[in-house]
Each structure stands twice: as C-alpha cells, then as structure tokens.
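What follows is a short report on a single structure.
The values are calculated or read from the model by the stated rules, or taken from the named source; none is laboratory data. Here the structure is a predicted model, which means the values were calculated and not measured. Heads up, the Cβs are rebuilt from the backbone with ideal geometry, glycines too, and the neighbour counts pull from every protein chain shown.
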Amino acid sequence: MQKLLLAMLVGCFCLTPLSAFGAMTIKLGVVTKPGSAQNIVAEKFKALMEARSGGEVTVKIYHSKSIGNETEILQQIQMNTVQMGIITVGPFDTFDPIVRVVNYPFLFKNNEQADAILDGPLGQEILTSLESSGFKGLCFSENGFRNLTNNKRAVRAPEDVDGLKIRVMSSALHKTIWQTLGANPTPMPWPIYTELEQGVIDGQENPLWVMTEYKFYEIQKYMTLTRHVYSPHIDVASLRWWNTIDAPTQAMILKAIREAADYQRKDNREKDAARLAYLKEKGMEVEESPDLAAFRTKLVSLQSNSIYSDPTVNDLLRRMLEATR
Ligand code: EAX
C-alpha cells in the first residue's frame, strides 16, 4: 500500500507540468539583429520574465539568423526545439494561409485601427487558427507599414514599378501583390543587403526602421511611402511546449509578452518621423505622396484571387474588410 502510494506520488510529480517556481529556459528566435523591432520585443520580454520569476525563468535570445531564417525558426518552434519567436507575419503564409488576411494591401487605415482589430476578436481568430499548425499565437507586435525602395527610378504610380525586380518575403500573397502591380517579385529570406548591393534585385519593401537599421540608404536611392501593407509580427510559442507548462506560468508569459508588444509598438511609432528625416539626410529621394488611389485600383481584384480561395480565409477577409472600411 505504502509502495503504491509512493509510486503514485512519484508519478504525479513526474507528470506535473513545469511550474512558475521551477527553473526553466525559454529559447527565443528572431531573424534580425539587436536594435531591430523583433529584438526590442524579445529583450523587453526577457527582462520582464526574468525579473518577475525571481530568476527562475531564463530567456535565451537567438538573433541575427544564428538559428536560421524565419521559416526555419518556425519549423523549430513547431518541433519545440525552440520555444518562442517574434516572427513577421509574411513567412507564416506557408504554414497557414489565414495570415494573408492581415497582410491584405491597404487594409488598415492607421495604427489605431490595426491595434483595435488585431488585439480584438478578429485578431484572436488568426492566433487561434495557428494552433492547427502547431503554434500558440500569443499576440501581435509590429514591424510596421511597409514602403517600397529601389535603385532604378523614382516611383510615384504603379506604372513606375513595371518590371522592377523586387525582393519579397516568403509569402504567396506578397508575390501576388507585386506581380499584380507589374513588378518582377523574387521571394528571398532575410537579410538581403548583399543582394541589393550586387543588384541581384532592384528593390525591396519594408518599414522605415529597416531602412535605417540595415543602412539601406547606402544602396537604395529611391523610397516611396506606399504603406501598402501593415506588417505585424506574431509573438508565437510552440504549442507542444505551451501544453506542458502550468496555468500560472502561461499567464505570466502572456502578460509579459503583451506588455513587451505594447512597449515595442509605441517605441517604433515614436521613432518614425526621425527615421524619415534621417533617410533624406542620408541622400534618399523620397516620394511622400504617391498615387495610392492608382495602386489600390490595380489591386482591387485581389480579394477574388485564388490565394484567398480557402473558405475560412475568404470569410475572415470579408469580415476584416467590413470592419476596416
Ligand atoms: O523585419 O523579411 C522581411 O522583409 C522582414 O520585414 C524583415 O525580417 C525585417
């Protein structure tokens, strides 16, 4: 009897999920370098978790492609060899087409609208959908509104884009957007400085912080404030891992990552005006009032494109377009 009790106790103990008060190391992957949007979320999260857990939780950040590109980090998260990541929405595309809904061009009018939708029930539907691919979507932080740069010519209207070799993220949607606009899109993982420098590609599109942090002003002459896609990150965990940790630890993680995301969004937005000024000062020619109506018109048929043919994705896109009208 005593033996049985002991065995049960030992069994219980072994099966007990990791507790907030037991030592734990979280491996967290980001593809970009320190100072980047993703790292700002990661570092804030690390500081909050390590302080609040009294040192029991250690967050180890792997940055600068040290554990692979964003697709490879996501694969490691699925397998739980990496527990968390701060990953741009684009590369999630190959795992779950639901994310194409948030990257729909010209969807969000401004930051406030993006926050309200992504932090509300529609955003939650996207995060929940990721569970079927082995991801626990925790929340959204941001890369930001994406702008076009290139080294060939000033771009004001869609016809100026004609034939430009534009690097895009690993995403069927992003490829389709640039094809529809008449460019020649090439999917390529991050980073892309060398390819731009060597002229393998003419241009790329990213938020302003990327142009300053990665010194794109050295190798790209023209920038157009297209703001064509709002690009969030998904702050993501391995579902396999998530299901082994106890509720208090899960709550601590959710609270810390939410706070880190809010902190980073604010930080990113506060810096944008200075970044624009800096890029001009560095010699970039900036088109600040492109013919966005013409860009929109060219992309209007996208909603019925086959990349949105999945009924669940299509239905969410319809509701998202309605909510952001
Ligand atoms: O965060 O691949 C991309 O274009 C991303 O925006 C990049 O990781 C910068």
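Structure notes:
- Any hit, the stretch 175-192, residues being within 11 Å of the ligand (Cβ to nearest atom), more than 16 Å from the chain's Cα centre (by Cα) and outside any strand (DSSP E or B): yes
- Taking residues in the stretch 52-75 that are in a helix (DSSP H, G or I), and partners anywhere that are of a type in the set (G, A, S), the pairs with Cβ atoms closer than 6 Å and at least 6 places apart or on different chains are T71/S170; I73/G29; I73/G85.
- Only residues that are at pLDDT below 95 and of a type outside the set (G, A, S) were counted in the stretch 33-55, giving 0.
- The single residue among Y308, Y230 that is closer than 19 Å to F145 by Cβ and aromatic (F, W, Y) turns out to be Y230.
- Of the residues making up the stretch 147-159, those that are touching a Lys or Arg at 6+ places or on another chain (Cβ under 9 Å) and buried (at least 23 other Cβ atoms within 10 Å of the Cβ) are N147, T149, N150.
- Selection from the stretch 78-95 of residues that are more than 15 Å from H233 (Cβ to Cβ) and either crowded, with 19+ Cβ neighbours inside 10 Å or of a type in the set (S, T, N, Q) (or both): Q78, N80, T81, V82, Q83, T94
- Flag if V200 is away from the ligand (no atom under 16 Å from the Cβ), outside the structural domain of I117 (by TED's automatic domain parsing), more than 18 Å from L138 (Cβ to Cβ) and surrounded by fewer than 18 Cβ atoms within 10 Å (Cβ to Cβ): no
- Any hit, the stretch 164-176, residues being basic (K, R), over 24 Å from A277 (Cβ atoms), touching a residue at least 24 places away in the same chain (Cβ under 8 Å) and in the same structural domain as N39 (by TED's automatic domain parsing): no
- Any chance I86 is in contact with a Gly (Cβ under 9 Å, 6 or more places away or on another chain), within 16 Å of the ligand (Cβ to nearest atom) and not in a loop (DSSP other than H, G, I, E, B): yes
- Residue among R167, R227, R156 that is basic (K, R) and within 12 Å of the ligand (Cβ to nearest atom): R167
- Options P207, P191, P158; residue that is touching a residue at least 40 places away in the same chain (Cβ under 8 Å) and farther than 28 Å from T297 by Cα: P191
- Boolean, A256 is away from the ligand (no atom under 16 Å from the Cβ), touching a helix residue (DSSP H, G or I) at 6+ places or on another chain (Cβ under 7 Å), farther than 28 Å from A47 by Cα and of a type in the set (G, A, S): no
- Any chance Q264 is touching a Ser or Thr at 6+ places or on another chain (Cβ under 8 Å), within 15 Å of the ligand (Cβ to nearest atom) and closer than 26 Å to G137 by Cβ: yes
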